[in-house]
Amino acid sequence: MTERSALVGVDTGGTFTDFVVIDGDDIRVHKVLSTPDSPDRAIVQGLRELGVLDRMHALVHGSTVATNAVLERKGVRAGLITTSGFRDVLEIGRQTRPKLYDLRVTREEPLVPRDRRVEVIERLDERGGVMTPLDAESVTRAVQAMVDSGVRSVAVCLLFSFANPAHEEAVAAAARAAGLHVSASFEVLPEFREYERTSTVVLNAYVGPLMDRYLARLEEALPDGLPLRIMQSNGGSISAATARREAARTLLSGPAAGGGGAGFVGGAG
């Protein structure tokens with residue numbers, strides 16, 4: 001039986017995919033050309049060239065899949081279902097703007113345009129108490145609107161769902177039953193502040209299917225049972241299963257890994 005003694009770190013960039021292998025006292029580095037259309041191919045190629053594909057006890061991966069999808073606007077066609085009256089939270093945002101008094105400022109278009117943001121009739125108070133029951137017909141209409149608009153992935157973010165997710169769970173279940181990829185705010189970011197929660201769950205819907213598909217391919221190519229850890233934006237790591245479900249955490253995965261590594265080499269960590 002092959003001993004799994006190697007710890008491998010891998011970072012995929014647009015041009016190169018870089019590896020660091022720590023095996024006992026032995027430290028090796030390696031580099032291969034990236035395969036942007038399917039980054040997992042370059043990873044597997046490099047692991048084979050290093051001879052560690054079957055000798056790893058863990059693989060830690062910094063990824064730019066989500067980063068590039070947002071920068072290049074190449075995420076999936078996404079939509080948003082939200083509480084009646086809160087359709088424009090994503091676009092209104094907050095007062096923290098680079099040019100507060102510039103009447104001609106050019107703003108980035110939201111990841112989900114207004115025609116793919118729909119509302120359902122419901123309302124909770126700040127403690128999660130039901131003020132307006134969830135209207136089933138409005139849910140059916142909202143989900144059908146998503147399907148009709150060609151949406152692949154839906155963000156669901158209802159007011160105060162972090163205090164009581166029941167309404168959001170029902171909407172998410174209806175969207176999943178229609179065959180849509182769903183990101184629900186009570187699962188992705190169950191915290192207060194509507195703009196931050198909405199923008200995060202929309203980001204998750206926008207890049208989630210890409211990360212899910214990518215990591216599924218990578219896991220399939222790796223040995224069974226190998227722990228695969230994905231760097232997240234705060235410099236820590238999460239399981240591949242969590243990254244597939246909460247892809248928004250990986251927006252700055254690659255850059256965070258680089259910063260953390262540089263800090264360690266420089267003696268800051």
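Return yes when residue 134 is touching a helix residue (DSSP H, G or I) at 6+ places or on another chain (Cβ under 8 Å), buried (at least 18 other Cβ atoms within 10 Å of the Cβ) and more than 26 Å from residue 251 (Cα to Cα) and no when it is not. Yes, satisfied. Residue pairs whose Cβ atoms lie under 8 Å apart, separated by 6 or more positions or on different chains, with the first residue in segment 258-269 and within 13 Å of residue 231 (Cβ to Cβ) and the second at pLDDT below 75 and not basic (Lys, Arg), are 260/269. Taking the conditions (1) assigned to a helix (DSSP H, G or I); (2) in contact with a Pro (Cβ under 9 Å, 6 or more places away or on another chain) in turn, residue 140 satisfies each one other than (2). Looking at segment 195-243 only, could you name the residues that are over 27 Å from residue 156 (Cβ atoms) and among the charged types (D, E, K, R)? Residues satisfying the conditions are 220, 224, 229.
Given the residues 62, 85, 13, which is the only one that is of a type outside the set (D, E, K, R), assigned by TED's automatic domain parsing to the domain that holds residue 120 and either at pLDDT below 95 or surrounded by fewer than 15 Cβ atoms within 10 Å (Cβ to Cβ) (or both)? Can you show your working first?
Details: 62 fails: assigned by TED's automatic domain parsing to the domain that holds residue 120; 13 fails: assigned by TED's automatic domain parsing to the domain that holds residue 120.
Unique residue meeting the criteria: 85.
Residues that are within 12 Å of the chain's Cα centre (by Cα), surrounded by fewer than 23 Cβ atoms within 10 Å (Cβ to Cβ), without any contact (Cβ under 8 Å) to a residue 24 or more places away in the chain and not assigned by TED's automatic domain parsing to the domain that holds residue 90 are absent from segment 221-228. Would you confirm whether or not segment 198-210 contains a residue that is over 28 Å from residue 128 (Cβ atoms) and in contact with a strand residue (DSSP E or B) (Cβ under 6 Å, 6 or more places away or on another chain)? Within segment 198-210, one or more residues are over 28 Å from residue 128 (Cβ atoms) and in contact with a strand residue (DSSP E or B) (Cβ under 6 Å, 6 or more places away or on another chain). For the condition surrounded by 14 or more Cβ atoms within 10 Å (Cβ to Cβ) and without any contact (Cβ under 8 Å) to a residue 24 or more places away in the chain, residue 34 qualifies.
Quick one: which of 55, 41, 73 is under 18 Å from the mean Cα position of the chain (by Cα), surrounded by fewer than 19 Cβ atoms within 10 Å (Cβ to Cβ) and without any contact (Cβ under 8 Å) to a residue 60 or more places away in the chain?
Working: 55 fails: under 18 Å from the mean Cα position of the chain (by Cα); 41 fails: under 18 Å from the mean Cα position of the chain (by Cα).
Sole residue among the options that is under 18 Å from the mean Cα position of the chain (by Cα), surrounded by fewer than 19 Cβ atoms within 10 Å (Cβ to Cβ) and without any contact (Cβ under 8 Å) to a residue 60 or more places away in the chain: 73.
Here is the figure for segment 94-131: residues that are out of contact with any helix residue (DSSP H, G or I) (no Cβ under 6 Å at 6 or more places or on another chain), under 19 Å from residue 186 (Cα atoms) and not in a strand (DSSP E or B) total 5.
Residue count for segment 137-173 satisfying the condition of being surrounded by 13 or more Cβ atoms within 10 Å (Cβ to Cβ) and out of contact with any strand residue (DSSP E or B) (no Cβ under 9 Å at 6 or more places or on another chain): 5.
The values are calculated or read from the model by the stated rules, or taken from the named source; none is laboratory data. This is a predicted model, so every value here is computed, not measured. Virtual Cβ from ideal backbone geometry, glycine too; neighbours counted across all protein chains shown.
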